[in-house]
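*Asks:* What follows is a single structure, and I will ask about it in a moment.
The values are calculated or read from the model by the stated rules, or taken from the named source; none is laboratory data. Values in this document were obtained by computation on a predicted structure and should not be read as measured data. Cβ atoms come from the backbone with ideal geometry, glycine included; neighbour counts cover every protein chain shown.
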């Protein structure tokens with residue numbers, strides 16, 4: 001049976017979503033970031049095919065939430081960047097005999113277990129399964145089998161950089177599309193889509209923001 005560990009890197013929650021500062025207050029951004037993080041962690045933790053979950057962060061609050069929800073944690077150093085942090089977490093789960101890793105960001109409000117299953121079903125030895133964002137630029141899910149098969153290239157253009165890395169080592173590349181996985185919340189226009197989906201009433205775990213706030217007025 002495949003041993004798959006999910007790795008969720010988390011930026012300090014109090015500093016999250018700074019690009020939404022014109023439409024959300026600091027407290028609202030914190031509330032949104034924490035709710036999305038809890039949701040991603042809950043979905044991954046309930047997926048039967050996932051052996052375990054590791055959260056790596058420098059935020060003690062995020063690490064405490066992760067432990068309360070049953071995840072393992074790794075304290076990130078204050079000067080660490082995302083890609084070295086993920087390499088460190090990958091080395092840890094390899095020492096636990098993981099044969100696959102699934103990297104997920106902490107800000108996917110609509111991800112569900114079907115997305116996790118879909119990614120896993122497409123994986124095979126010497127492969128990556130990858131999902132991009134709505135712009136086709138970033139990497140919103142990356143399943144690597146075996147761990148360490150490629151170096152991480154998170155940042156601008158990471159989707160194509162990860163694919164290029166995989167091709168250079170002769171790995172199989174499978175692109176997995178899910179509208180739910182493509183929807184992250186980084187810009188004001190993303191927040192408009194977020195509220196539109198919330199209005200359908202299927203995501204009670206997520207916060208809404210009153211229309212009298214600057215939030216919605218700035219989006220009109």
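*Asks:* Return the residues of segment 75-87 that are under 25 Å from residue 110 (Cα atoms) and surrounded by fewer than 20 Cβ atoms within 10 Å (Cβ to Cβ); say none if nothing qualifies.
*Replies:* 82, 83 - these are the residues of segment 75-87 that are under 25 Å from residue 110 (Cα atoms) and surrounded by fewer than 20 Cβ atoms within 10 Å (Cβ to Cβ).
*Asks:* Tell me which residues, restricted to segment 24-46, are within 15 Å of the chain's Cα centre (by Cα) and outside any helix (DSSP H, G or I). Break it down into steps so the answer makes sense when it comes.
*Replies:* The first filter runs over segment 24-46 and keeps only residues within 15 Å of the chain's Cα centre (by Cα), leaving 32-45.
Answer for segment 24-46, where residues must be within 15 Å of the chain's Cα centre (by Cα) and outside any helix (DSSP H, G or I): there is none.
*Asks:* Further, regarding this structure: Which is buried (at least 17 other Cβ atoms within 10 Å of the Cβ), in contact (Cβ under 8 Å) with a residue 60 or more places away in the chain and within 25 Å of residue 207 (Cβ to Cβ), of 71, 66, 62?
*Replies:* 71
*Asks:* Of the residues 50, 43, only one is closer than 21 Å to residue 207 by Cβ and crowded, with 18+ Cβ neighbours inside 10 Å; which?
*Replies:* One residue alone meets the criteria, 43.
*Asks:* Here is a list of conditions, (1) in a helix (DSSP H, G or I); (2) touching a residue at least 12 places away in the same chain (Cβ under 8 Å); (3) out of contact with any helix residue (DSSP H, G or I) (no Cβ under 7 Å at 6 or more places or on another chain); (4) more than 18 Å from residue 203 (Cβ to Cβ), and residue 2 meets all of them except one; can you say which number that is?
*Replies:* The one condition residue 2 does not meet is (1).
*Asks:* Please work out which residue is surrounded by the fewest Cβ atoms within 10 Å (Cβ to Cβ), limiting yourself to segment 125-152 and to residues that are out of contact with any helix residue (DSSP H, G or I) (no Cβ under 7 Å at 6 or more places or on another chain) and in a loop (DSSP other than H, G, I, E, B).
*Replies:* Restricting to residues being out of contact with any helix residue (DSSP H, G or I) (no Cβ under 7 Å at 6 or more places or on another chain) and in a loop (DSSP other than H, G, I, E, B), the top hit is 135.
*Asks:* A follow-up question, please. Just to be sure before I move on: is residue 119 touching a residue at least 12 places away in the same chain (Cβ under 8 Å), closer than 20 Å to residue 48 by Cα and surrounded by 14 or more Cβ atoms within 10 Å (Cβ to Cβ) in the structure I sent?
*Replies:* Details: touching a residue at least 12 places away in the same chain (Cβ under 8 Å): yes; closer than 20 Å to residue 48 by Cα: yes; surrounded by 14 or more Cβ atoms within 10 Å (Cβ to Cβ): yes.
It is true that residue 119 is touching a residue at least 12 places away in the same chain (Cβ under 8 Å), closer than 20 Å to residue 48 by Cα and surrounded by 14 or more Cβ atoms within 10 Å (Cβ to Cβ).
*Asks:* Looking at 182, 175, which one is surrounded by fewer than 19 Cβ atoms within 10 Å (Cβ to Cβ), touching a strand residue (DSSP E or B) at 6+ places or on another chain (Cβ under 9 Å), under 18 Å from residue 39 (Cα atoms) and in contact (Cβ under 8 Å) with a residue 24 or more places away in the chain?
*Replies:* Exactly one residue qualifies, and that residue is 182.
*Asks:* Another question, if that's okay. Output the residues belonging to segment 79-113 that are in contact with a helix residue (DSSP H, G or I) (Cβ under 9 Å, 6 or more places away or on another chain), in contact (Cβ under 8 Å) with a residue 24 or more places away in the chain and not in a strand (DSSP E or B).
*Replies:* Matches in segment 79-113: 98, 104, 105, 106, 107, 108, 109, 110, 111, 112, 113.
*Asks:* When you check residue 90 against the structure, is it over 27 Å from residue 187 (Cβ atoms), surrounded by 19 or more Cβ atoms within 10 Å (Cβ to Cβ), at pLDDT 95 or above and under 17 Å from the mean Cα position of the chain (by Cα), yes or no?
*Replies:* Answer is yes for this residue.
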